Amino acid sequence: MTTKNILVTGGMGFVGSYLVDELIQRGHRVRIFDNLDPQVHPNRELPDYANPHAEFIQGDIRDYDALKKALRGIEIIFHKAAAVGVGQSQYEIKKYVDVNTGGTANLLDILVNNKHNIEKLIVAASQTSYGEGLYTCAEHGTQHPDLRPDSQLKNAHWEHRCPQCNKDMSPAPAPENTQRICHTIYAQTKTHQEDMVLNIGRAYKIPSVALRYFNIFGPRQSLSNPYTGVTAIFMSRLKNGNRPVIYEDGIQSRDFISVHDIVQANILAMEKSEGDYQAFNVGSGIGTSIKHIALTLSNILGTEHLSPDITGTYRQGDIRHSIADISRIKKTLGFKPSVSFQHGMEELVEWGRDREAIDGFAKAQSALQQRGLI
Ligand SMILES: NC(=O)c1ccc[n+]([C@@H]2O[C@H](COP(=O)([O-])OP(=O)(O)OC[C@H]3O[C@@H](n4cnc5c(N)ncnc54)[C@H](O)[C@@H]3O)[C@@H](O)[C@H]2O)c1
Ligand SMILES: [Zn+2]
């Protein structure tokens, strides 16, 4: 691909920064637009991994004029800036809607009302849009259940039950045409972002792609942000001599994907036109239990004495399992996850070993408790 002028919103964050590095490595000219949100970047300090070859504009996605300036001369946009935190979005409602939905509205409004040369617009979407994914009953086939009822959770019956025979169901990978059912403000705003980008992309013929990330892990995920990223939160707990806290029974699972594979998906979406105007799952296709995450980290860190604290309590709105069906992105874009779970965890631990980690878990937990969300 010839050299392009590329804007990465949220380019100082976890995903954005790795993408910036890869784009620069490939010879592109990169501009970052990021407000250095203090929840991610304590004291609004520039992260030590900030790429010196990228131009940096410190600005807020909610600031129409600043964003308009940042878009000058840009040919490709990666829109990653967002407020990221499922539980937190349930009480910082206005902020999440303003930053995520409102920020995307700014971006699209600027594009359609001004001259531009945008060849591609790629938005970070999320698996949270599916709510509960798919489940199968051996006898009655595939189901897409609603959240588990309180009455069931109060009895610590964690698995989904088949609506017909009441037997426990097992998780199944969700393809992109799974109906999206949002249970949190975060999920709603991520769905908005995706739909807004694809709608305006189609209407104005701006090739646009939505990448629905599953649970991303890797170095650079903030170790001091207790609102998002279970692997980073557990690392932070363990490094501070605290036990990782696990809700339910620890068998709930997520699809973990290395940040390097997320970068791979973004590059493919940029370089290939076959994915234009579509949404893609980006995951590993493998479910891993939350307990396994805690034990693996402890094992690599050598903190086995800090066994997970499995509370048997639950958070409002939490889903039980989540697994991506990645057939579409494999077939259309040639995506192939390349980092194994074990290798990715080792890389994370290696990076995090000497880094400061402020364990804010108790604060984040009490914010939910005070509101009756745990
Ligand atoms: N990490 C995951 O597991 C995951 C999963 C699904 C989707 N996503 C999406 O991927 C994208 C990147 O996530 P991440 O994990 O890198 O998060 P992150 O918090 O590390 O990075 C987000 C970046 O956006 C910036 N930002 C926040 N609010 C802003 C604002 N108002 N104006 C400008 N910049 C702002 C932050 O300073 C930060 O540098 C987000 O859109 C997120 O919703 C992430
Ligand atoms: Zn059944």
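The values are calculated or read from the model by the stated rules, or taken from the named source; none is laboratory data. The shown structure was predicted, so the numbers you read here are calculated from the model rather than taken from an experiment. Here the Cβ is made from the backbone with ideal geometry for all residues, glycine too, and neighbour counts use every protein chain on show.
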Exercise. Spot the failing condition for Ser222; the list is (1) assigned to a loop (DSSP other than H, G, I, E, B); (2) more than 11 Å from ligand 1 (Cβ to nearest atom); (3) closer than 26 Å to Ser307 by Cβ, and only one is missed.
Key: (2)
Quiz item: Is there a residue in the range 269-277 that is touching a residue at least 24 places away in the same chain (Cβ under 8 Å), of a type in the set (Ser, Thr, Tyr) and surrounded by 20 or more Cβ atoms within 10 Å (Cβ to Cβ)?
Solution: no
Exercise. Please give the number of the condition Ser222 fails out of (1) touching a helix residue (DSSP H, G or I) at 6+ places or on another chain (Cβ under 9 Å); (2) surrounded by fewer than 20 Cβ atoms within 10 Å (Cβ to Cβ).
Key: (2)
Self-check item: Scope the range 201-215; condition of a type in the set (Val, Ile, Thr) and surrounded by fewer than 24 Cβ atoms within 10 Å (Cβ to Cβ); matching residues
Solution: Ile206
Exercise. Scan the range 70-96 for residues that are away from ligand 1 (no atom under 12 Å from the Cβ) and of a type in the set (A, V, I, L, M, F, W, C) and jot them down.
Key: Leu71, Ile74, Ile76, Ile77, Ile93
Quiz prompt | So Gly11, is it touching a residue at least 40 places away in the same chain (Cβ under 8 Å), within 10 Å of ligand 1 (Cβ to nearest atom) and surrounded by 19 or more Cβ atoms within 10 Å (Cβ to Cβ) | solution = yes
Quiz item: Does the range 204-217 contain at least one residue that is assigned to a loop (DSSP other than H, G, I, E, B), within 13 Å of the chain's Cα centre (by Cα) and not charged (D, E, K, R)?
Solution: yes
Exercise. Collect the residues in the range 102-145 that are part of a loop (DSSP other than H, G, I, E, B), farther than 20 Å from Arg212 by Cβ and more than 16 Å from ligand 2 (Cβ to nearest atom), keeping them in residue-number order.
Key: Asn113, Asn114, Lys115, His116, Asn117, Ile118, Glu119
Quiz item: Looking at the range 279-288, which of its residues are more than 30 Å from Leu198 (Cα to Cα) and not in a strand (DSSP E or B)?
Solution: none
Quiz prompt | Residue check, Ala232 among the small types (Gly, Ala, Ser), more than 16 Å from ligand 2 (Cβ to nearest atom) and at pLDDT 95 or above | solution = no
Quiz item: Out of all the residues in the range 110-153, which are farther than 25 Å from Ile216 by Cβ and within 16 Å of ligand 1 (Cβ to nearest atom)?
Solution: Ile110
Quiz item: From the list Asp249, Asp255, which one is more than 16 Å from ligand 2 (Cβ to nearest atom) and buried (at least 24 other Cβ atoms within 10 Å of the Cβ)?
Solution: Asp255
Quiz item: Could we say that Ala82 is more than 16 Å from ligand 2 (Cβ to nearest atom), buried (at least 20 other Cβ atoms within 10 Å of the Cβ) and assigned to a loop (DSSP other than H, G, I, E, B) here?
Solution: yes
Quiz prompt | Asp318 modelled with pLDDT under 95, surrounded by 17 or more Cβ atoms within 10 Å (Cβ to Cβ) and among the acidic types (Asp, Glu) | solution = yes
Quiz item: In the range 157-184, which residue that is of a type in the set (A, V, I, L, M, F, W, C) and either crowded, with 18+ Cβ neighbours inside 10 Å or under 19 Å from Gly317 (Cα atoms) (or both) is nearest to ligand 2 (Cβ to nearest atom)?
Solution: Cys162
